[in-house]
Amino acid sequence: MANTATLTISSKNYSSWSLRGWLLCRMAGIEFEEQVKPSDDPSTRAELLLLSPSFLVPKLTHDGIAVWDTLAIGEYLNEIRPGAGLLPADRAARAHCRSICGEMHSGFANLRSALAMNLKARHPKFKVWAGAQADIDRVATIWRECLTKYGGPFLFGAAPTMADAMYAPVCTRFVTYDVKLDGACAEYCKRIMSLPHMQEWIKAAQAEPDEVEELDVEF
Ligand SMILES: N[C@@H](CCC(=O)N[C@@H](CS)C(=O)NCC(=O)O)C(=O)O
């Protein structure tokens, strides 16, 4: 069958939203082509504006349908691949899953700005300021509640869901900035980092050209 899906993303080293969108596509099991747009090039920005009305990546095009914004992509993939389990089967768990996905999508501004995703970097003993620490504590609470309630090893039980994709870039930040976590959260973080899809993404990020200093911010 012809490949009818394209996912537009940017840097694999820096773009946390690209990682989320890409993981969702992989988890949904769709075949897709990656269109990688380096975001430091002005002509690329003009092109991105044409591609995605919101001027942001990720953007999924499937069967001629354009979907942008990570939550919308996740919901769309869940519709076309209901068997992939992107959302939990149980209604209450599904509501919980959507709530923590929404919380990640619209919150954690301090964590994002202070601990920008940068897969190649390592900052041992990184000094986390109080605002970012509050976000880290909230993430740990969310993870602990889910792991306890649904029994792990993923946030909603036996298999990864949309929520694991939404929080995966946070796991990379915890590694990059040497954030100390308690037992269950540390184990969860390790588990996500070692997923084959994550390893594949990280390997590609390592192969990207060297860091551009002004890109050391969330984008
Ligand atoms: N709310 C959006 C956020 C997407 C976002 O912020 N994308 C960043 C990349 S991680 C972006 O495209 N920034 C513009 C640029 O890089 O030119 C979503 O959920 O997809």
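The values are calculated or read from the model by the stated rules, or taken from the named source; none is laboratory data. A quick note: this is a predicted structure, and the numbers were derived from the prediction, not measured. Quick reminder, even Gly has a Cβ in these numbers, built from the backbone with ideal geometry, and neighbours come from all protein chains shown. Ligands, DNA and RNA are stripped out before the accessible areas are found, and what is left, the full protein with its side chains, is counted by its heavy atoms. Shrake-Rupley method; radii C 1.70, N 1.55, O 1.52, S 1.80 Å.
If you take the residues in region 182-219 that are at pLDDT below 90 and of a type in the set (D, E, K, R), which one is least open to solvent (accessible area, probe 1.4 Å)? Break it down stepwise before answering.
Of the residues in region 182-219, the ones at pLDDT below 90 are 209-219.
Then drop every residue that is not of a type in the set (D, E, K, R), which leaves 210-211, 213-214, 216, 218.
Values: 210: 124, 211: 84, 213: 161, 214: 134, 216: 79, 218: 48 Å².
Going through the qualifying residues, I end up with 218.
Can you tell me which residue within region 100-119, out of those that are of a type outside the set (A, V, I, L, M), under 16 Å from the mean Cα position of the chain (by Cα) and open to solvent by less than 70 Å² (accessible area, probe 1.4 Å), is nearest to residue 17 (Cα to Cα)? This residue is 105. The residue pairs whose first member lies in region 58-79 and is more than 19 Å from residue 167 (Cα to Cα), whose second member is of a type in the set (Val, Ile, Thr) and within 13 Å of the ligand (Cβ to nearest atom), and whose beta carbons are closer than 7 Å, counting only pairs six or more residues apart or on different chains, are 60/67; 60/73; 67/73.
Return yes when residue 45 is open to solvent by 60 Å² or more (accessible area, probe 1.4 Å), over 30 Å from residue 134 (Cα atoms), of a type outside the set (A, V, I, L, M) and at pLDDT below 95 and no when it is not. Walk me through it before giving the result.
Values: open to solvent by 60 Å² or more (accessible area, probe 1.4 Å): yes; over 30 Å from residue 134 (Cα atoms): yes; of a type outside the set (A, V, I, L, M): yes; at pLDDT below 95: yes.
Yes.
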